[in-house]
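Below is one structure, written out as structure tokens; comments come after it.
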Amino acid sequence: MIRGTVVADFFVDGRPAPQGSKGVSRSGRVYEMSKALAPWRKHITAIAREHYDGDLVSGPVLARLSFVMPRPVATPKTKPTPPAVKKPDCDKLSRAVLDALTKVVWVDDSQVVHLDATKRIAEIGEPPGVHISVVALAASAIADLDSRAA
């Protein structure tokens, strides 16, 4: 069992946007490919501020992110919901959330020593978004995480 304190636990509604796919303009300027990224990160930050008003966490944290992707119109209603194996990548979705929580919940996203991220297609009538849980880890919890990895 991981020892720590849940400091934030909330849901952010909306269409998750990835961070990390870059483009290069003709002038050589590097930019984010996703136009939806900036509004998505601002929305995460706003919801996080509504649900977390404590001091910035300065130690190690565990972040649990459960992405609920929009349900495609063609997804059958009478069969089990298929896995979310299409883009965007789970790691790029996570990057956007971790950066959005910097200076809101924690000092810097480099403090995330354990990341548990999943993505799935929304069930019928379920809103898309991301469930976010942040656990401030006790120093002894790091050893627990290391022993699990072995």
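The values are calculated or read from the model by the stated rules, or taken from the named source; none is laboratory data. Keep in mind that this is a model prediction, so the values were computed, not measured. Please note: Cβ atoms are built from the backbone with ideal geometry, for glycine as well, and neighbour counts cover all protein chains shown. Heavy atoms of the whole protein, side chains included, go into the accessibility calculation; ligands, DNA and RNA do not. Shrake-Rupley method; radii C 1.70, N 1.55, O 1.52, S 1.80 Å.
Here is how the numbers come out for the structure above:
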read-out: Positions within the stretch 91-105 being in contact (Cβ under 8 Å) with a residue 40 or more places away in the chain and part of a helix (DSSP H, G or I), in sequence order; value: Asp91, Lys92, Leu93, Arg95, Ala96, Val97, Asp99, Ala100, Leu101
read-out: Odd one out for Ala48 among (1) under 16 Å from Val6 (Cα atoms); (2) open to solvent by 50 Å² or more (accessible area, probe 1.4 Å); (3) out of contact with any Phe, Trp or Tyr (no Cβ under 6 Å at 6 or more places or on another chain); (4) not acidic (Asp, Glu); value: (2)
read-out: One residue from Ala84, Ala63 being modelled with pLDDT under 95 and within 17 Å of the chain's Cα centre (by Cα); value: Ala84
read-out: Residue selected from the stretch 91-101 under the condition of a type outside the set (Asp, Glu) and open to solvent by 30 Å² or more (accessible area, probe 1.4 Å), by the criterion farthest from Val134 (Cα to Cα); value: Lys92
read-out: Meets criteria (open to solvent by 30 Å² or more (accessible area, probe 1.4 Å), in contact (Cβ under 8 Å) with a residue 60 or more places away in the chain and part of a helix (DSSP H, G or I)) for Lys42; value: no
read-out: Qualifying residues in the stretch 114-132 (those that are small (Gly, Ala, Ser) and open to solvent by less than 20 Å² (accessible area, probe 1.4 Å)) - the one nearest to Arg3 (Cα to Cα); value: Gly129
read-out: Among (1) closer than 20 Å to Pro128 by Cβ; (2) in contact with a His (Cβ under 9 Å, 6 or more places away or on another chain); (3) of a type outside the set (Val, Ile, Thr), the one test that Leu62 misses; value: (1)
read-out: Identity of the residue in the stretch 59-90, assigned to a strand (DSSP E or B) and touching a residue at least 60 places away in the same chain (Cβ under 8 Å), that ends up most open to solvent (accessible area, probe 1.4 Å); value: Arg64
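Table: residues versus (1) out of contact with any helix residue (DSSP H, G or I) (no Cβ under 9 Å at 6 or more places or on another chain); (2) under 27 Å from Gly59 (Cα atoms).
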{"site": "Ala84", "(1), (2)": "no, no"}
{"site": "Asp91", "(1), (2)": "yes, yes"}
{"site": "Asp99", "(1), (2)": "no, yes"}
{"site": "Thr102", "(1), (2)": "no, yes"}
{"site": "Val105", "(1), (2)": "no, yes"}
{"site": "Asp116", "(1), (2)": "yes, yes"}
{"site": "Arg120", "(1), (2)": "yes, no"}
{"site": "Glu126", "(1), (2)": "yes, no"}
{"site": "Val130", "(1), (2)": "no, yes"}
